[in-house]
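So the structure is just underneath, and the comments pick up after that.
Just so it is clear, none of the values below were taken in a lab; they were calculated from the coordinates. Because the structure is predicted, anything quoted here is derived from the model rather than measured. As a convention, Cβ positions derive from the backbone with ideal geometry for all residues, glycine included, and neighbour counts pool all protein chains shown.
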Amino acid sequence: MLEKIQRKQKKAIFNYLENRYGIPQEIFKKYELYSGSEEKISLGPKNILKFTINTGLLILRKEKPTTSFFQTFGKYVSKNYIILDKEQTLDYIRGKDLEINSELQGFILIKYENFNIGCGFIKNNLLKNQLPKTRQTELKFI
Amino acid sequence: MIHIEKYIIKKMDIPNNFKERYSSIISDFNILSEPLPKSFRVNTIKTTIKEIKERFKKYNINIKRLDFYKEAFISESPEIGKTLEHFLGYIYSQEITSMLPPLTILTELKEANLILDACAAPGSKTTQLATLTNGTIIANDLDYQRIKALKHNIEKTGAINTIITNQDLRRIKDIEPDIILLDAPCSAEGTTRKNPEVFNYWSIKDILKHSNLQKQLILKSYELLKPKGILIYSTCTFAPEENEEVINYLLNKTNAKLEKINLNLKTREGILNFNNKEYNKEIKKCIRIIPEDNNSGGFFIAKIKKC
């Protein structure tokens, strides 16, 4: 069962997204946050029905932004992102981890040109793949 | 070689009693064995038509815009699904006929606060509706297994103004949608170009079973609807028992009114008699999409106003 997130926790979540990724809080004004099982946070319409099982977009699993969240809101991200080249992007979408030179740590947005590919996790110059298995694929045109 | 064999088998598989039954509706049965053209819709939540056209030009993939809907394209390339744009949810592979129901309510969607997509999985129409309205969309489906695909597609396309429910429509209460889209479970006769196996389990018994369920669902949908609200009833089947007869049933049981449907592609009127059954003359306002007319699948749509 989904529950509306209370104002204090909501503020903390939006602060996290703003502080870590630079996503302005105003863009979420017309939506509401909901929590479900396993510390999943979803974004959805202001009002939901009592028998709702999901809302539009799962945005966070604990502190990890989801692939769909970054693909939808990545255009607002102004920090903690890396830009991959074509071959790296193809490998990432295949589901591979990548060695990378970056001072960034933790969950970051992966970009290719202006496209927001999804979420990755960097530790000690290793970019650990975070794409869900169902989204990993072999692209021919990029 | 394998493909050719499959193709021949498909052609031979159209049952004779199917052809006899629909000889007054379909002239060209051969088309039911031919593969559908690949069609997709530009997801304007995430991108623009201009950007997609430019990107596909860069890929050297020919795409052709369809007259009836500026976001809809077809392509002969089987590799649309291998593009970055498909991966990112910028485009959504969707059959031409499946795009039609939301296009019958473009004006109403602009004003609507609550829209119920009653049998929503896998979410093609839900995600299309999300590009056309600022209202809240309830994407409901009874089949829990299909909810996974629905959720996946809603997330991938960024349809945030959506909630997902897993209810038997007949038991839903305490909501009053402005619009209900009832794309009813049906015998799927119009999908044989995509799913030729439909012919293997095709039977009159199956048609009548669906017709009975559809009558319950349409009546319940009409009850739930807000006064003056709009109900769109659609199926992807030819059987009049699942189409005109269901609408006839609703007209007899309620004070529902049918509205005219204008779409920019070839449509035919609802039929007024079949197998010695006569239907209400208003049913002419319903539309049928016949595969040979638009090189598509088969479809039926009725637009109903609650009075």
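Return the loop-located GluC sites (Glu not before Pro) in segment A:37-134 (DSSP other than H, G, I, E, B) with at most 13 other Cβ atoms within 10 Å of their own Cβ; answer none if there are none. Each step should come with its number before you reach the end.
Values: sites: A:Glu38, A:Glu39, A:Glu63, A:Glu87, A:Glu99, A:Glu103, A:Glu113; in loops: A:Glu38, A:Glu39, A:Glu63, A:Glu103, A:Glu113.
Passing sites in segment A:37-134 are A:Glu38, A:Glu39, A:Glu63, A:Glu103, A:Glu113.
Pull up the DSSP beta bridges for chain B and report the antiparallel fraction as a percent, rounded to 5. Write out the running numbers ahead of the final one.
Values: 26 of 42 bridges.
Percent antiparallel among DSSP bridges in chain B is about 60.
Estimate the FRET efficiency between B:Glu278 and B:Ser93 by the formula 1/(1 + (r/R0)^6), using the beta-carbon distance for r and 41 Å for R0, to the nearest 0.05.
On the way: r = 40 Å, r/R0 = 0.98.
E(calc), rounded to 0.05, equals 0.55.
So, with +1 on the Cβ of K and R and -1 on the Cβ of D and E, and no other charges, what is the size of the charge dipole of segment B:128-213 about its Cα centre, to the nearest 20 debye?
Working: 11 positive and 11 negative charges, 50 e Å.
For this selection, approximately 240 debye.
What are the trypsin sites (Lys or Arg not before Pro) within segment B:153-245 that DSSP puts in a loop, where the Cβ has at most 15 other Cβ atoms within 10 Å?
Working: sites: B:Lys156, B:Arg170, B:Arg171, B:Lys173, B:Arg193, B:Lys194, B:Lys205, B:Lys209, B:Lys215, B:Lys220, B:Lys228; in loops: B:Lys173, B:Arg193, B:Lys194, B:Lys228.
Answer in residue order: B:Lys173, B:Lys194, B:Lys228.
Would you mind telling me the antiparallel percentage of the DSSP bridges in the protein assembly as shown, rounded to 5? Intermediate values should be presented prior to the final figure.
Working: 54 of 75 bridges.
Once the DSSP bridges in the protein assembly as shown are tallied, antiparallel ones form about 70 percent.
Treat every Asp and Glu Cβ in the protein assembly as shown as -1 and every Lys and Arg Cβ as +1, leave all other atoms uncharged, and give the resulting dipole magnitude about the Cα centre to the nearest 20 debye. Don't skip to the end; give the middle numbers.
Details: 72 positive and 53 negative charges, 214 e Å.
My answer is approximately 1020 debye.
Sort out the exposed loop chymotrypsin sites (Phe, Trp or Tyr not before Pro) in chain B (DSSP loop, at most 16 other Cβ within 10 Å) and tell me the longest stretch that has none. Can you show the working numbers first?
Working: sites that count: B:Phe29, B:Phe68.
Between the exposed loop sites, the longest stretch runs B:69-307.
Within the set A:Lys50/B:Lys228; A:Lys133/B:Lys209; A:Lys64/B:Lys70; B:Lys156/B:Lys257; A:Lys50/A:Lys128; A:Lys111/B:Lys58, which residue pairs have Cα atoms separated by over 30 Å? Display every interim value, and only then the final one.
On the way: A:Lys50/B:Lys228 25 Å; A:Lys133/B:Lys209 38 Å; A:Lys64/B:Lys70 37 Å; B:Lys156/B:Lys257 37 Å; A:Lys50/A:Lys128 38 Å; A:Lys111/B:Lys58 20 Å.
Listed pairs above 30 Å: A:Lys133/B:Lys209; A:Lys64/B:Lys70; B:Lys156/B:Lys257; A:Lys50/A:Lys128.
Whose amide H sits under 5 Å from the amide H of B:Glu259, counting only residues 5 or more places off or on another chain, with H placed in the peptide plane?
Amide H neighbours of B:Glu259, under 5 Å, 5+ apart: B:Lys303, B:Ile304, B:Lys305.
May I ask you to list the aspartates and glutamates whose Cα is less than 14 Å away from that of B:Lys151, ignoring any residue fewer than eight positions away on the same chain?
B:Asp117, B:Asp141, B:Asp143
Setting aside same-chain residues fewer than 8 positions from A:Lys96, which aspartates and glutamates have a Cα under 16 Å from its Cα?
A:Asp85, A:Glu87, A:Glu138
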